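No value in this document is a laboratory result; all are computed from the given coordinates. On a predicted model such as this, the values are computed, not experimentally measured, just so you know. Positions of Cβ are generated from backbone atoms using ideal geometry, with glycine treated the same way; all protein chains shown enter the neighbour counts.
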Amino acid sequence: MALSQENAPIYEALVEFGKKRVVPFDVPGHKRGRGNPELTALLGEKCVSFDVNSMKPLDYLCHPVSVIRDAEILAAEAFGAAHAFLMVGGTTSSVQAMVLSSVKRGEKIILPRNVHKSVMGALVLCGAVPVYVDPLCDERLGIPLGMRLSDVERAMKANPEAKAILVNNPTYYGICSDLKSIVELAHKHNMLCLVDEAHGTHFYFGENLPVSAMAAGADMAAASMHKSGGSLTQSSFLLIGSAMSEGYVRQIINLTQTTSGSYLLMSSLDISRRNLALRGKEVYARVAKMAQYARDEINTIGGYYAFSKELINGESIFDFDVTKLSVNTLDIGLAGIEVYSLLRDEYDIQIEFGDLGNFLAYISVGDRPREIERLVSALSEIRRRYGKSGGGMMHQEYIEPIVEATPQEAFYAQKELLPIEQTKGRVCSEFVMCYPPGIPILTPGELITSEILDYIRYAKEKGCSLTGSQDPDVNSLYVLL
Amino acid sequence: MEFWFSENHTPNVQISIRVDKQLYSGKSEFQRIDVFDSPEFGRFLTLDGYMMLTEKDEFIYHEMITHVPMAVHPNVKKVLVIGAGDGGVIRELVRYHDIEAIDMVEIDPLVVEVCKKYLPQTACRFDDPRLTIHYEDGLRFVRFKENEYDLIIVDSTDPFGPGEGLFTKEFYGNCFKALKDDGILINQHESPFYPEDAAACQKAHKNIVETFPIAKVYQAHIPTYPSGHWLFGFASKKYHPLKDLNEIRWNMRSLTCRYYTTTLHKGAFYIPAYVEALLKNVE
């Protein structure tokens, strides 16, 4: 029987499997929830009864030949990819598989410094050498932007032996680079183009949105289905173009992937893909409309700046993702992270993240106008109750890194622990970042400057949650001897 | 033939009212709307299956939500009413000739239309020239208002559905901003009795206490609402509901009521010990 986007092979196989009432003498040991009644009460009988192991009728994630393979083929078709892999280790696993499939120890990869920590983690694992392209920073908003074509070309010419370039597209804030031209440029220089598309799953399904990685001709893309696509947390897709070997990429994935892939995660990918393939256009038209309504209302409050396509400048901001509700807060005299905390503590509203000058509220397939009204009203109240004049706010976010060693060398090097204030001028062996959004302030191998220490101190003072170092409070750091 | 309307007051408690016939059933963008005739309670309106009002006991709710602030505030000229699509609050308000303007904000035009047709007992004064009806989200409407109203009455549905936004801190904060320096906010405050309602009641009180310098709660007995014991919130920037009650002034108006008296006004603020404790807990 021919498969169409109306099908959801894993979901259908699970339903069939459920009807057979097979007696389980395999894992998981909770045996359809009977062995763990408290968990069953929490999650529901149906949910735990589908938490099953790989077996012939349900296929094997590590080596798919039937229903998982079918689900991958349908996903590839829906995303316009040569092949799609179902991923169960978060988009982190998709990003790391992209990097590990493209570069080996000592090989160079070109990337913007504002990548997610998962990219830097992959460099620690494989020993590749990062070549950074300054993503530029918007003066007024203090946010990192996209990659300029001229900067990319300069980096490629200076490092002709580089194997790949990685692009964040869109950024967390919704900023897009000129992806099509970057892909062409990469291929002209015999480099692969990898796209961290964690925040752009909807580009494949909505209308009037920026170009998707596969449509732009990229070689690999990490699409975080659980973010804007509606699947369960930790599920993701890795997409590849025709120049990549499916078999090799699967080998790389299998180096670190679980052999007990969750059918809850996999079926959620399958069902979400079907939903978006069939109804994605309407879904994202609605999301874009709600985001635009929210922007208009927030900009009417005064002080806040909910930005959008007016920022487009043809290079570092080549396009903007209008489903993102990114808001600058500096003119009300509050840091984005302060607004983020007030929304949570005072108004029971949880948004995605706040940094020094901005916050991001995630609008998606599950939102309704009444929640948007609450968010806007709470923002109006925060300005009335807590707003100050906008002076004295630190907002410059991008600090040019000085790379002294590769991430792998620095991570595994001989090192010593120092109080953070004594680390100036030393080479860092660890990561330091605010989470969310998880973009490193320091990565292993970078020189610690007074500018970076000021930034860390200010971020702490404003209530950012800093992570990455062995010391959970980031009061001390490991530095190279 | 047995024909009963039933509503779950908790997962384990149900109230049923015998129905003569169903007069209307429809679905708007926001909710399902039904109107029934019953032998005991007369005509009644339900939204999403929840009892909103019956002809027999609506006077208690509408008198208590309106006359309590009107007997305290000495000079109410401009009133904002949020919700109130059945018209009961408007009917009580227009009895005061010194009120100059009433803005009513109802999210669902169909509720007003249905009530005009089937519930003339409450929806009888929508033609008053002082009244302007705005069909929009109350939370949004109040966001654009500043220092404008003497009195705001929040006649909302329960906080589990379209009315949810009207129990939030952002809403009460925006009401504070919309009120004049001596303004009063009255809200329907849920019941303190069953745990789920009590939690909503407590949360609403917390949000109001954090927003207004004076925040008191008063009670009424409403037979068709869960447990029959219902609360209202009295939040104010200046006037105290008892110290600033002017009995003579209100009684001089010679308004006849079936539930409200200025004596009952005083008693209504003396609430049971367990309710006091429930509210104290978040003050």
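For the reader, a short list of remarks on this structure follows.
- For the range B:146-162, putting each phi into the Karplus relation 6.51 cos²θ - 1.76 cosθ + 1.60 with θ = phi - 60° gives couplings of 9, 6, 10, 10, 8, 9, 10, 10, 9, 9, 9, 7, 5, x, 10, x, x Hz, in residue order, rounded to whole numbers and with x for Gly and Pro.
- Seen against the Cα atoms of chain B and their longest principal axis, helix B:58-70 is set at about 10 degrees.
- Distance cut-off 31 Å, percentage of C-alpha pairs in chain A lying past it: 47 percent
- The dipole here belongs to the protein assembly as shown: it is taken about the Cα centre, uses +1 on the Cβ of Lys and Arg and -1 on the Cβ of Asp and Glu, and is about 440 debye.
- Positive end of the dipole of the range A:281-386 (Cβ unit charges, origin at the Cα centre): among A:Gly302, A:Ala288, A:Leu325, the Cα lying farthest that way belongs to A:Ala288.
- Each Cα pair under 8 Å and six or more residues apart adds its sequence gap; the mean of these over the residue count of the range B:204-274 is a relative contact order of 31 percent.
- Neighbour-count ranking [beta-carbon atoms within 10 angstrom, fewest first] of A:Arg34, A:Arg274: A:Arg34, A:Arg274
- Ratio of Rg to Rh over the range B:4-54 (Cα coordinates, Kirkwood Rh, two decimals): 0.97
- Close amide H pairs (under 5 Å, H built 1.01 Å from N) link A:Leu325 with A:Ala361, A:Ile363, residues at least 5 positions away or on another chain.
- Helix B:195-209 axis, angle to chain B major axis (alpha carbon atoms, nearest 10°): 20 degrees
- For a straight C-alpha distance cut-off of 17 angstrom, the aspartates and glutamates reachable from B:Lys77 (same-chain residues fewer than eight places away being disregarded) are B:Glu92, B:Asp98, B:Glu100, B:Asp103, B:Asp128, B:Glu146, B:Glu148, B:Asp150, B:Asp181, B:Asp182.
- Computed about the Cα centre, the dipole magnitude for the range A:371-481 is approximately 560 debye when only Lys and Arg (+1) and Asp and Glu (-1) carry charge, each at its Cβ.
- Helix-only CD estimate at 222 nm, as mean residue ellipticity for the protein assembly as shown, using -39500 (n - 2.57) per DSSP H run (n ≥ 4): -10500 deg cm²/dmol
- Positive-end residue of B:Tyr225, A:Gly206, A:Met191, charge dipole of the protein assembly as shown with Cβ unit charges: B:Tyr225
- The fewest-to-most ranking of A:Glu38, A:Glu381 by surrounding Cβ atoms within 10 Å reads A:Glu38, A:Glu381.
- Projected area, mean over directions - the range B:58-280, Cα convex hull, nm²: 11.0 nm²
- Considering only the range B:58-280, percent of DSSP beta bridges that pair antiparallel, nearest 5: 40 percent
- For A:Ala306, the residues whose amide H sits under 5 Å from its own are A:Asn299, A:Asn328, ignoring neighbours fewer than 5 places away on the same chain, with H placed 1.01 Å from N.
- Relative exposure of B:Lys56, A:Lys46, judged by other C-beta atoms within 10 Å (fewest first): A:Lys46, B:Lys56
- Total lysine pairs whose alpha carbons fall under 16 Å of each other in the range B:85-208 (8 or more apart, or interchain): 5
- Beta bridge orientation in the protein assembly as shown: antiparallel %, DSSP, nearest 5: 65 percent
- Helix B:169-178 and the longest principal axis of the Cα set of chain B meet at an angle near 50°.
- Rounded to whole Hz, the Karplus (6.51, -1.76, 1.60) HN-Hα couplings of the range B:28-41, x for glycine and proline: 9, 4, 9, 6, 8, 10, 9, 10, 10, 9, 9, x, 8, 10
- Convex hull projection area averaged over all views, the range A:253-344, Cα basis, nm²: 10.2 nm²
- Long hydrophobic helices in chain A: the complete DSSP H runs spanning 20 Å or more by Cα along their own axis with mean Kyte-Doolittle hydropathy of at least -1.0 are A:263-301, A:369-386.
- Long-range amide H partners of A:Lys108 with built H, under 5 Å: A:Val129, A:Lys163
- Base-10 log of normalised Debye intensity for the range B:98-142 (one unit scatterer per alpha-carbon) at q = 0.21, 0.24, 0.26, 0.31 Å⁻¹: -0.77, -0.93, -1.01, -1.12
- Diffusion of the range A:407-480 by Stokes-Einstein, at 25 °C in a medium of 0.890 mPa s and with Rh set to the Kirkwood radius over alpha-carbon pairs, works out to 205 µm²/s.
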